[in-house]
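K.L.:
After the structure tokens below, expect a handful of questions from me.
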Amino acid sequence: MPKKTPQTPPSATFPSAAHWLRWLCAPVWVLALATEAKSFKDNPILGSRRLNRAGLHIARVRLAQRLADSRRKRLAHLLDEQDRSDFDRDGFILKPDFLPAATLAAVERELASAAGQVREMEQGDAITRRMSLDAGALKHMPATRQLLQGEQWLGLLSYAGSFRCHPMNYLQTILAHARPAPADPQLQLHSDTFHPTVKAWLFLNDVGAEEGPFVYVPGSHRINRRRLAWLRRQSIDACTLDRMSARGSLRVSRTALRRMGYPEPRAFAVKKNTLVVADTSGFHARGASRHPSTRIEIWGYGRRNPFLPWTGWDLQGLPGLKGRTVPLYWRARDLGEALGLRRNPWRRVAPTDTGHE
């Protein structure tokens, strides 16, 4: 009986649609090299073991750092010498009693009666709840508007982020141990991304050492030779990293920190009305809370393409976009979920459930 000729699987002759779609994305992956794209997992060029062994990731880190240093020199006039010195040394600026008492009281009254859009995200056993402080909300909040559009707030965030900043601002509430779930992933020390970027916290309640304080490794915004060697190893082994590290937010152990020559992390147990502005490319985390706790703050965030040489020309500052980035961002995430692209983790919250009253 003659032997049957093995049949070639159809998939071997006609590659799947996913295969072709993957290759159609190749130009986008290449162009992403010149942007803030950071995910080793989502971009096979960024995550290429061969290219990162040859130095691709390290080259992006070095270039981004050089450009940020250049931009900061041009923005140095936006803050005083002491704040600039503190930031250059530590990667953060700490300002207790940031607002005059009367201004703080006015801001708190406005926030208590604000009716902006609220969303929340669950991560591990923690809930992060945010109310957008966009142009629409601030229209009826003169004291808060003056704070967030004032020279001091914008100057501090601009220097730390290395661009003239039009930040996304929120009233943020963090609820620790809010639900039965694994530990909050934000408790692990990490870097947000490979290039300088900024976040700010104006704390509206006292935060104790055991109530989930902000934690930062002083000086870790500076990239030394040992840090570069660690980054190279992480980029080469990207396929073996945990989920958040594989997406570009690299987690780090205390042992690795010591090997890189950085000091011990500092926990910011602070009084109400303390401002912290930090470059979150440095290693930081949310401190552990020994019991269910609530942290309330005005939170600002800014991130731009790190490979731009200029300090201005921010799209978020254009007429029609200025002050409206947050609601547009949330709508875009909703649309992406509706199209089946990716679930939006920021879910709507009814006003009576916000916890901001």
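K.L.:
Looking at the range 30-72 only, could you name the residues that are more than 12 Å from Phe307 (Cα to Cα), crowded, with 18+ Cβ neighbours inside 10 Å and within 22 Å of the chain's Cα centre (by Cα)?
P.N.:
Within the range 30-72, Lys38, Phe40, Asn43, Leu46, Gly47, His57, Arg72 qualify.
K.L.:
Here is a list of conditions, (1) of a type outside the set (A, V, I, L, M); (2) crowded, with 21+ Cβ neighbours inside 10 Å; (3) more than 18 Å from the chain's Cα centre (by Cα); (4) more than 30 Å from Gln234 (Cβ to Cβ), and Glu81 meets all of them except one; can you say which number that is?
P.N.:
(2)
K.L.:
Considering Phe87, Phe98, which residue is in a helix (DSSP H, G or I), touching a strand residue (DSSP E or B) at 6+ places or on another chain (Cβ under 8 Å) and open to solvent by less than 30 Å² (accessible area, probe 1.4 Å)?
P.N.:
Working: Phe98 fails: in a helix (DSSP H, G or I).
Exactly one of Phe87, Phe98 is in a helix (DSSP H, G or I), touching a strand residue (DSSP E or B) at 6+ places or on another chain (Cβ under 8 Å) and open to solvent by less than 30 Å² (accessible area, probe 1.4 Å), namely Phe87.
K.L.:
Here are some residues: Pro218, Pro196. Which one is surrounded by fewer than 22 Cβ atoms within 10 Å (Cβ to Cβ) and either in contact (Cβ under 8 Å) with a residue 60 or more places away in the chain or among the hydrophobic types (A, V, I, L, M, F, W, C) (or both)? Write out each step before concluding.
P.N.:
Numbers: Pro196 fails: surrounded by fewer than 22 Cβ atoms within 10 Å (Cβ to Cβ).
Residue meeting the stated conditions: Pro218.
K.L.:
When you scan the range 261-285, how many residues do you find that are under 30 Å from Leu33 (Cα atoms) and surrounded by fewer than 21 Cβ atoms within 10 Å (Cβ to Cβ)? So that I can check it myself, show each step before the final result.
P.N.:
Of the range 261-285, the ones under 30 Å from Leu33 (Cα atoms) are 261-262, 277-285.
Next, from what is left, pick out any that are surrounded by fewer than 21 Cβ atoms within 10 Å (Cβ to Cβ): 261.
Adding up the residues that qualify gives 1.
K.L.:
Which condition number in (1) among the β-branched types (Val, Ile, Thr); (2) out of contact with any strand residue (DSSP E or B) (no Cβ under 8 Å at 6 or more places or on another chain); (3) assigned to a strand (DSSP E or B) is the one that Val276 fails?
P.N.:
Among (1) among the β-branched types (Val, Ile, Thr); (2) out of contact with any strand residue (DSSP E or B) (no Cβ under 8 Å at 6 or more places or on another chain); (3) assigned to a strand (DSSP E or B), Val276 violates only (2).
K.L.:
Another question about this same structure. Give me the pairs: first residue in the range 174-188 and farther than 14 Å from His284 by Cα, second residue open to solvent by 40 Å² or more (accessible area, probe 1.4 Å) and hydroxyl-bearing (Ser, Thr, Tyr), beta-carbon distance under 7 Å, and six or more apart or on different chains, which are they?
P.N.:
Leu175/Thr294
K.L.:
Further question on the same structure: Within the range 108-135, track down each residue that is open to solvent by 40 Å² or more (accessible area, probe 1.4 Å), polar (S, T, N, Q) and closer than 14 Å to Pro327 by Cβ.
P.N.:
Initial filter on the range 108-135 (open to solvent by 40 Å² or more (accessible area, probe 1.4 Å)): 108-109, 112-113, 115, 117, 122.
Imposing the further condition that a residue be polar (S, T, N, Q) reduces the set to 113, 117.
Matches in the range 108-135: Gln117 only.
K.L.:
OK, next. Please give the number of the condition Gly340 fails out of (1) out of contact with any strand residue (DSSP E or B) (no Cβ under 7 Å at 6 or more places or on another chain); (2) open to solvent by 20 Å² or more (accessible area, probe 1.4 Å); (3) modelled with pLDDT of 95 or more; (4) among the small types (Gly, Ala, Ser).
P.N.:
Among (1) out of contact with any strand residue (DSSP E or B) (no Cβ under 7 Å at 6 or more places or on another chain); (2) open to solvent by 20 Å² or more (accessible area, probe 1.4 Å); (3) modelled with pLDDT of 95 or more; (4) among the small types (Gly, Ala, Ser), Gly340 violates only (3).
The values are calculated or read from the model by the stated rules, or taken from the named source; none is laboratory data. Note that the coordinates shown come from a computational prediction; the quantities given were computed from them, not determined experimentally. Counting neighbours? That spans all protein chains shown, and the Cβs are built from the backbone with ideal geometry, glycine included. Quick note on the areas: whole protein, heavy atoms, side chains included, nothing else; ligands and nucleic acids left out. Shrake-Rupley method; radii C 1.70, N 1.55, O 1.52, S 1.80 Å.
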